[in-house]
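The values are calculated or read from the model by the stated rules, or taken from the named source; none is laboratory data. This structure is a prediction, so every number in the text was calculated from the model and none was measured. Note that each Cβ is placed from the backbone with ideal geometry, even for glycine, and that neighbours are counted across all protein chains shown. Just the protein is used for accessible areas: all its heavy atoms, side chains included, with ligands, DNA and RNA removed. Shrake-Rupley method; radii C 1.70, N 1.55, O 1.52, S 1.80 Å.
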Amino acid sequence: MSGFQIWVVAGLAITGCGGQPSTLPPAPPSCEGFVVEASACNGSAELCDRRYDEVSHATTHNAMSSAEDGWLAPNQRHDMLRQLHDGVRALMIDTHMDDREDVSVPSLCHGSCLFGALPMHEALRSFESFLRCNPEQVLTLIVEAYVSPQDTADAFEQAGLTDYAYAHDPATPWPTLRELISRDERLVVLSDDGGSPSWYMNVWDHAFETPFAAKTVDDLACETNRGSVDNALFILNHFLTAPLADESLAEQVNHNPLFMDRARACQDQLGRLPNFPTVDFYSIGDLLDVTASLNH
């Protein structure tokens, strides 16, 4: 069983005198396996009073697609819980309807669910557990959606995540990490199919990106792809696909000085902090070091 499976302590009915159920509330879900030792404000107290768009968030591409969870052609070695424990704070995920059984199930899949699948509600419950058990951490989900906004909203509601979700007005400044933590609105959800409900935000209303289809190191560029450079958030796609993700490709681009040099070059060229430096196989190379350097 993957480390990303949720551990729940079931509330047991306690029988009182006369055989009637006790009115004691059920035991709260366990935090075993979910607590991280990261300091406040995503690992650095220095970030607490910076706006969300003034912070760089270590980001994993196709975060759900991991070798640890048995996916074919994975994009990461480790499952999503391990990613969060290691310091990743933004995860790119894809949602599809898994039609392999008699009932279609909203799931996290990449392209075809034959490569691997996680039922959406299970994955989202684990994110809820992480947020509940780590009250000073802020998470971002960037969703490539092939599931309807309504089905997505239902899954978030079922998982208990909607209370954590932050809805941002593009006409106003982003709040600081401290403000998000104080409000307990510590989940930012951006999607290419977002817009409703208000917390399920259209990513291209808020962000822009560099191209995502690089095959060689020479293909990595600082030109913009989707979204307007006038938007506050900058997604720096920093991975190779030739034709699929591979650890050997990550070895070519995830290490410094190349990674840091590109991040700074794109920051200088586009005039924006790379908020989401995004990689395949984050456990190879220097994603966390690059993110820390961008934040100083």
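A few points about this structure:
- Flag: ARG183 does not match the condition of being charged (D, E, K, R) and touching a residue at least 60 places away in the same chain (Cβ under 8 Å).
- Residue in the stretch 43-54 that is of a type in the set (Ser, Thr, Tyr), crowded, with 16+ Cβ neighbours inside 10 Å and outside any loop (DSSP other than H, G, I, E, B) present: yes
- One residue from ARG82, ARG100 being part of a helix (DSSP H, G or I), of a type in the set (D, E, K, R) and open to solvent by 60 Å² or more (accessible area, probe 1.4 Å): ARG82
- Check on SER191, within 30 Å of GLU157 (Cβ to Cβ) and either open to solvent by 50 Å² or more (accessible area, probe 1.4 Å) or out of contact with any Phe, Trp or Tyr (no Cβ under 8 Å at 6 or more places or on another chain) (or both): no
- Which listed residue, of ARG82, ARG77, is touching a Gly at 6+ places or on another chain (Cβ under 7 Å) and within 21 Å of PHE239 (Cβ to Cβ): ARG82
Residue by residue, here is whether (1) open to solvent by 20 Å² or more (accessible area, probe 1.4 Å); (2) assigned to a helix (DSSP H, G or I) holds:
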site: ALA214; (1), (2): no, no
site: GLU223; (1), (2): yes, no
site: VAL229; (1), (2): yes, no
site: ILE235; (1), (2): no, no
site: LEU244; (1), (2): yes, no
site: GLN252; (1), (2): yes, yes
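- Scope the stretch 271-296; condition assigned to a helix (DSSP H, G or I) and open to solvent by 30 Å² or more (accessible area, probe 1.4 Å); matching residues: LEU288, ASP289, ALA292, SER293
- Filtering the stretch 112-146 to residues that are among the acidic types (Asp, Glu) and either surrounded by fewer than 19 Cβ atoms within 10 Å (Cβ to Cβ) or at pLDDT below 95 (or both) leaves GLU122, GLU136, GLU144.
- Unique residue being aromatic (Phe, Trp, Tyr) and closer than 22 Å to ASP49 by Cα when the list is TYR200, TYR166: TYR166
- Scanning the stretch 201-211 for residues that are free of Cβ contacts under 8 Å to residues at least 40 places away in the same chain and either in a loop (DSSP other than H, G, I, E, B) or over 17 Å from the mean Cα position of the chain (by Cα) (or both) yields ASP205, PRO211.
- Checklist (1) surrounded by fewer than 18 Cβ atoms within 10 Å (Cβ to Cβ); (2) of a type outside the set (Asp, Glu); (3) modelled with pLDDT under 95 applied to ILE6, failing item: (1)
- Here ASN75 clears all of (1) within 15 Å of the chain's Cα centre (by Cα); (2) of a type outside the set (Gly, Ala, Ser); (3) open to solvent by 10 Å² or more (accessible area, probe 1.4 Å) except the condition numbered (3).
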